[in-house]
Amino acid sequence: EREDYHTLTGKGVNLPEPYYLQVSNGTTRDAGSFESEHVLASYIGRINYDFDGKYLLQATVRRDGSSRLYSMNHWGWFPSFSAGWRIDKENFFNVDRNLVSLLKLRASYGILGNENIGDYQYMSTMARGNYTYSFAGEKVTGSAISDYVNTAIKWEKKKTLDIGVDYAMFGGKLEINADWYQAKSEDLLYSVPVPAEAGATNENVVMNAATMVNTGFELAASYHDYGGALKYDISANVTVPRNKVTSLGMGETSRIDGFCKTEVGGEVGRFYGYVYDGIFQSQAEIDNNTNAKGGHVTQQGAQPGDVRYVDINNDGEITDADQTIIGKGGMPKVQYGLSFRLEYKGFDLYVSTFGAAGHQILDYVDMVLRSSYGVTNKSTDLLNAWTPDNTNTNVPAVYYKTNGSVTNDYFSERYLQNGAYWKIANIELGYNFNDKLFGGYLNNVRLYLSAQNVATVSKYRGYNIDFAGGTFTPGYNFCSYPAPMTFMIGAKLSF
């Protein structure tokens, strides 16, 4: 697999009249070009073994190479193994087939590689003409390598262990699948800050640094009946995932990325900020503000209508040290799905839904719109802002600018939103014509109507609730593009 990227640009500025749109006519001209390539190569081998339908084995080996990694680390081995045991087929398993038509134990273990970083991250480049030096008593301009790079970049690996059981009854109409899994991501590729004393011009460098473990339990069930005129299939699944960071590399025990904090031993990307404690309603509340130890808390510049924050470290003032974990921004506590399919006299209907719960979301657009300051566009929520005549509100007072001290815009729980949702992802209605209607010239003729991203049930104020966040900011939605609602009408047929 090969991806080549080439650009060539030319610019002409201040064209004289008459305006002949040629770059060479500009009094100031400039040109530039850029190119890059990304190459992936893979070799795959697989062995399947089935003994008497009872003992199942599969082994796969991948050998993957990437141009994004240093030459000594281009290639990596990625094996996987799986085994299954059909207990229901054993001679000793004398159980009514209507009660147990399938009982299978299975286990698998595999390693996958990831090299999803930019191109040439392992390569130093020359900064052209940006440096001066005294040579033979004369000032000369030259080039030099100014950035720090990591030539040891290698494959990021994800090692997954899965143990499960498959069970079916009523002749296979009811199927239940249960899985426990553990996925360990090692040598995570991400940007690490470059110390200023290194004398480099780049602020960050890509390294294999972190390790995290995802574990969870998944239960899926389906019931299908194809015996009558009405045929149907109903399926549901629920997953309870958990995440734990076991290493950040470079001797680090924690890191902060914007409004998210990741700590060794904790979940990746939890929200980190101030604890919101309502709104000051009067000067008396400001003067009598106390912490958990009963000591007075000074919140510099606070006025009636301003946000009150909790003095976490009980030192009597609101500072950066009062920030703490305030929300679960990573993996939801539960993820689920529900779908069904119906067929009746040529008609068929398919509906697919999914959702999640038990996590929070920070939406950048919403946070900016609800800011108390500035003259940019604002949310209509600010029409209900605190005033001496409107004190029964959770919207702080509106100001043109901050007073230079504690502000109402410190990141706190008031910007977090409940991430729970249920999304109707797909609906499709179709009709399958009888082949006899077309005299043998056409067959398998089907007309259908479908819709994607039909509706989302949630309290989320943003555009797209199932966005993909960053590795260390999984719950931060920075201007993700809205998921479009799509309607289609189509036909399928065979000649």
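Figures for the structure shown
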quantity: Ranked order, Leu416, Leu349 - accessible area, probe 1.4 Å, largest first; calculated: Leu349, Leu416
quantity: Candidate aspartates and glutamates - alpha carbon under 16 Å from Lys333, same-chain residues fewer than 8 apart omitted; calculated: Glu218, Glu267, Asp466
quantity: Label-point gap, in nm, between Lys54 and Leu40 - each point 7 angstrom along Cα→Cβ; calculated: 4.1 nm
quantity: Residue order for Glu285, Glu138 - accessible surface, 1.4 angstrom probe, largest first; calculated: Glu138, Glu285
quantity: Segment 360-495, accessible area per residue, ligands and nucleic acids excluded (1.4 Å, Å²); calculated: 59 Å²
quantity: Karplus (6.51, -1.76, 1.60) ³J(HN,Hα), θ = phi - 60°, over segment 197-206, in Hz, Gly and Pro reported as x; calculated: 6, 6, x, 9, 8, 8, 7, 9, 9, 6
quantity: Relative contact order [Cα under 8 Å, 6+ residues apart], the chain, whole percent; calculated: 8 percent
quantity: Computed accessible area, Trp422, all protein chains, 1.4 angstrom probe, square angstrom; calculated: 90 Å²
quantity: Of the trypsin sites (Lys or Arg not before Pro) in segment 406-495, those whose Cβ has at most 13 other Cβ within 10 Å and which sit in DSSP loop; calculated: Lys459
quantity: Rounded accessible area per residue of segment 164-251, 1.4 Å, Å²; calculated: 49 Å²
quantity: Cα convex hull of segment 228-315 - mean projected area over all directions, nm²; calculated: 12.9 nm²
quantity: Surface accessible to a 1.4 Å probe, per residue, for the residues of segment 1-153, Å²; calculated: 73 Å²
quantity: Rounded percent of accessible protein surface that carbon and sulfur make up, the chain, 1.4 Å probe; calculated: 55 percent
quantity: Rel. contact order, % - alpha carbon contacts under 8 angstrom, at least six apart, segment 208-294; calculated: 22 percent
quantity: Residues whose placed amide H lies under 5 Å from that of Gly327, excluding near-sequence neighbours; calculated: Phe271
quantity: Within the chain, helix-based [θ] at 222 nm, where runs of 4 or more DSSP H residues each add -39,500 (n - 2.57), nearest 500; calculated: -500 deg cm²/dmol
quantity: Two-site FRET efficiency, Ser82 against Glu252, from Cβ-Cβ distance with R₀ of 30 Å, rounded to 0.05; calculated: 0.25
quantity: FRET efficiency, Ser450 to Asp287 (Cβ-Cβ, R0 51 Å, nearest 0.05); calculated: 0.20
quantity: For segment 277-282, Karplus couplings with θ = phi - 60° (6.51, -1.76, 1.60), whole Hz, Gly/Pro x; calculated: 10, x, 10, 5, 9, 7
quantity: Within segment 25-62, backbone nitrogen closer than 19 Å to the virtual label 7 Å beyond the Cα of Lys159 toward Cβ; calculated: 59-62
quantity: Semi-axis lengths (Å, descending) of the ellipsoid that matches the C-alpha gyration tensor of the chain; calculated: 49, 37, 30
quantity: Alpha-carbon spread of segment 146-295, three principal axes, descending order, Å; calculated: 72, 59, 28
quantity: 19 Å reach of a label modelled at Val351, 7 Å along Cα-to-Cβ, counting backbone N of segment 205-248; calculated: 221-225, 230-238
quantity: Residue among Asn444, Phe34, Tyr148 farthest towards the positive dipole end of the chain, charges placed on Cβ; calculated: Asn444
quantity: Length-normalised contact order of segment 1-100 in % [C-alpha pairs under 8 Å, at least 6 apart]; calculated: 21 percent
quantity: Convex hull (Cα only) mean projected area of segment 133-212, reported in nm² to one decimal; calculated: 9.3 nm²
quantity: Listed pairs Lys423/Lys459; Lys378/Lys423; Lys157/Lys328; Lys104/Lys157; Lys436/Lys492; Lys231/Lys423 exceeding 18 Å between Cα atoms; calculated: Lys378/Lys423; Lys157/Lys328; Lys104/Lys157; Lys231/Lys423
quantity: Nearest-0.05 FRET efficiency for Leu342 and Met488, computed from C-beta distance (R0 22 Å); calculated: 0.65
quantity: Accessible area of Leu493 in the full protein assembly, 1.4 Å probe (Å², nearest 10); calculated: 80 Å²
quantity: Potential extension, Asn390-Ser124 segment - 0.36 nm per residue separation minus Cα distance; calculated: 89.8 nm
quantity: Accessible surface ranking that places the most exposed of Leu383, Leu437, Leu161 first, with a 1.4 angstrom probe; calculated: Leu383, Leu437, Leu161
quantity: Amide proton proximity set for Ala127, modelled H, under 5 Å, gap of 5+; calculated: Ala144, Ile145, Ser146
quantity: Sequence-distant aspartates and glutamates (8 or more away, or on other chains) whose Cα lies within less than 18 Å of Lys293; calculated: Asp277, Glu285, Asp311, Asp315, Glu317, Asp322
quantity: Cα-only Debye scattering, segment 202-252: base-10 log of I(q)/I(0) at q = 0.23, 0.25 Å⁻¹; calculated: -0.90, -0.95
quantity: Rounded accessible area of Tyr19 (nearest 10 Å², 1.4 Å probe); calculated: 140 Å²
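The values are calculated or read from the model by the stated rules, or taken from the named source; none is laboratory data. As the structure is a computational prediction, the values presented were derived from the model and not from experiment. We place every Cβ from the backbone using ideal geometry, glycine too, and count neighbours over all the protein chains shown. Heads up: the accessible areas ignore ligands, DNA and RNA and are worked out on the full protein's heavy atoms, side chains in. Shrake-Rupley method; radii C 1.70, N 1.55, O 1.52, S 1.80 Å.
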